[in-house]
1. Could you tell me how many of the residues in segment B:200-231 are farther than 27 Å from B:A175 by Cα and over 19 Å from the mean Cα position of the chain (by Cα)?
2. Which one of these is surrounded by fewer than 17 Cβ atoms within 10 Å (Cβ to Cβ), assigned by TED's automatic domain parsing to the domain that holds A:G222 and in contact (Cβ under 8 Å) with a residue 24 or more places away in the chain: A:S63, A:S103, A:S58?
3. One residue is enough: does segment B:21-28 have a residue meeting the conditions within 12 Å of chain A (Cβ to nearest Cβ) and hydroxyl-bearing (S, T, Y)?
4. Just to be sure before I move on: is B:L51 more than 8 Å from every other protein chain (Cβ to nearest Cβ), hydrophobic (A, V, I, L, M, F, W, C), assigned to a loop (DSSP other than H, G, I, E, B) and over 30 Å from B:A236 (Cα atoms) in the structure I sent?
5. Determine which single condition B:S156 fails, assuming it passes every other condition in (1) of a type in the set (S, T, Y); (2) farther than 28 Å from B:T43 by Cα; (3) part of a loop (DSSP other than H, G, I, E, B).
6. Anything in segment B:121-132 that is in a helix (DSSP H, G or I) and over 22 Å from the mean Cα position of the chain (by Cα)? List them, or say none.
7. Which of (1) away from chain A (no Cβ under 14 Å); (2) out of contact with any Asp or Glu (no Cβ under 7 Å at 6 or more places or on another chain); (3) over 30 Å from B:D239 (Cβ atoms) is the odd one out, the single condition B:V136 does not satisfy?
8. Report whether or not A:R174 is within 14 Å of chain B (Cβ to nearest Cβ) and either at pLDDT 90 or above or in contact with a His (Cβ under 8 Å, 6 or more places away or on another chain) (or both).
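The values are calculated or read from the model by the stated rules, or taken from the named source; none is laboratory data. Not measured: the values here are computed from a predicted model. Cβ sites come from the backbone with ideal geometry, for glycine too, and all protein chains shown count toward neighbours.
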Amino acid sequence: MPVLRQGGRFGLGVGLALALPIALAVGWEIAVDTGAASGRLLPPPSRIGATLFELAASGDLLSHVEATLIRAGLGFLGGAAAGILMGTAVAMLPLVRRICDPSLQALRAVPSLAWVPLFILWFGILETPKILLIAVGVFFPVYVGVSGAIGSVDRKLVEVGRIYRLSRLAMARRILLPAVLPATLVGLRTGLGLGFLFVVAAELMGASEGLGYLLVDGQQLGKPDQILAAIIAFALAGKLADTLFVVLTRPLTRWQDTVRESL
Amino acid sequence: MLIVDSLSKTYADGTQALSNIGLSAAPGEIVALIGGSGCGKTTLLRLIAGLDRGSAGAVAVDGETILEPHPRVGVVFQEPRLLPWLTVADNVGFGLGGLGRSENRARVTEALERVGLAEHGRRWPRELSGGQQQRVAIARAFVPRPRVLLLDEPFSALDAFTRRGLHEQLLDLWAASKPTILIVTHDVGEAVTLADRVVVMRPKPGRLEETVAIDLPRPRDPVSARYEEAVRRVMAALDRSLHPPIARRDPAPEMRAGWW
């Protein structure tokens with residue numbers, strides 16, 4: 001019975017959340033349909049849906065999504081790996097921390113988009129600067145998450161490891177790694193979100209495929225329906241990636257007593 | 001056999017935490033360390049555990065000098081310190097290695113049964129109450145069968161009712177393998193319930209003041225006259241350590257003679 005009631009409350013929540021966008025969409029559809037609005041700059045939902053369907057049917061959408069996902073994925077992997085390595089080094093080695101951390105914190109304050117002109121000068125306009133830009137965006141939240149997590153591992157739990165005479169390797173594997181995992185995953189998740197943010201910026205640099213290209217193309221050819229279709233595709237791809245990340249990593253932090261469980 | 005020989009600890013800032021501690025405990029003996037706060041009880045326990053080094057003197061267990069944590073010395077801390085990412089059973093088995101899987105599992109199961117948590121092996125530590133968590137910590141310390149077990153105020157955060165149950169389970173576990181137990185406490189009743197000998201410490205610098213032998217058969221009846229008499233003796237010794245004679249600072253000969 002409580003399960004049912006919970007299910008009902010969940011359904012009600014979803015319904016409430018969707019009420020506003022659905023009402024707006026239906027309202028706009030009617031307004032354009034009755035001729036009260038032209039819908040030239042803001043096409044009605046039916047036309048956006050049709051464009052999306054067309055793009056999907058021709059296979060174009062898939063190839064654009066694929067291009068975007070490959071860029072975001074490569075940038076995420078590179079940035080996350082660098083962030084984990086640097087974060088670990090800075091947290092474990094005081095000398096490295098004193099040398100590197102101030103500079104990295106200063107670089108963190110630079111808006112990542114500020115690098116775009118420089119990256120284009122250095123690496124041209126093909127894939128390298130795009131992936132690099134995404135990696136830079138992903139790097140910082142992962143770096144901050146990992147170094148902070150290692151720095152705040154409970155000394156008392158490390159002492160338990162000492163009592164049982166764990167070797168350095170065993171201490172890292174059995175105590176430090178599980179202890180830093182939750183914060184690391186939060187950093188990676190934030191990084192993944194930023195990766196999707198920066199893939200748009202990267203593709204606006206000039207690309208011949210990808211969802212960002214669809215945006216630019218739609219602007220230049222005056223096709224707002226294509227722009228909106230690309231935005232919807234972005235939202236779906238980003239949400240899907242985030243959900244996938246949460247589902248895949250949930251078993252790793254099942255032991256935690258946090259609100260995340262109920263999210 | 002645990003031997004603490006002229007052990008001292010002075011911190012880098014010059015504070016002397018422990019001064020010339022001498023103590024020995026026979027196999028199977030339970031010794032309670034009692035004293036006011038800041039008298040170095042926890043420091044002494046950490047030195048014996050090998051978690052910190054003394055400035056002078058030595059600690060030996062069965063003839064081996066302790067310089068770092070030793071397989072024959074187990075520790076239960078004030079807090080349970082369970083690893084939150086391991087199940088209860090995995091926490092209990094954390095210190096086991098090289099015994100083979102079936103032997104490990106048998107020991108963990110037995111220890112969990114003795115502390116009354118046989119049903120909880122697959123749960124997460126966070127799902128247990130404070131008292132249950134401390135029972136898991138005690139089981140974890142017993143499972144590698146240490147010869148010396150150090151307990152640092154293990155029950156101080158628990159209510160009196162829970163504490164009594166834990167005393168019985170501790171004695172039950174102890175009876176199975178008879179390690180030497182050194183337990184720090186600030187509860188006189190706890191000391192008299194558990195210990196063969198109560199050692200009273202005095203602060204600034206921490207040192208051993210007086211030893212009270214508790215010659216009562218187990219299980220001990222807390223409402224018997226002999227138990228109450230033992231409590232009174234420990235109380236009196238504790239009182240003497242907390243209220244040092246003022247005359248000590250500048251001892252005039254006639255005062256020193258007539259003080260007691």
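1. Within segment B:200-231, residues that are farther than 27 Å from B:A175 by Cα and over 19 Å from the mean Cα position of the chain (by Cα) number 2.
2. Residue meeting the stated conditions: A:S63.
3. Scanning segment B:21-28 turns up no residue that is within 12 Å of chain A (Cβ to nearest Cβ) and hydroxyl-bearing (S, T, Y).
4. no
5. Failing condition for B:S156: (2).
6. Within segment B:121-132, B:P125, B:R126, B:E127 meet the criteria.
7. Against the list (1) away from chain A (no Cβ under 14 Å); (2) out of contact with any Asp or Glu (no Cβ under 7 Å at 6 or more places or on another chain); (3) over 30 Å from B:D239 (Cβ atoms), B:V136 comes up short only on (1).
8. yes
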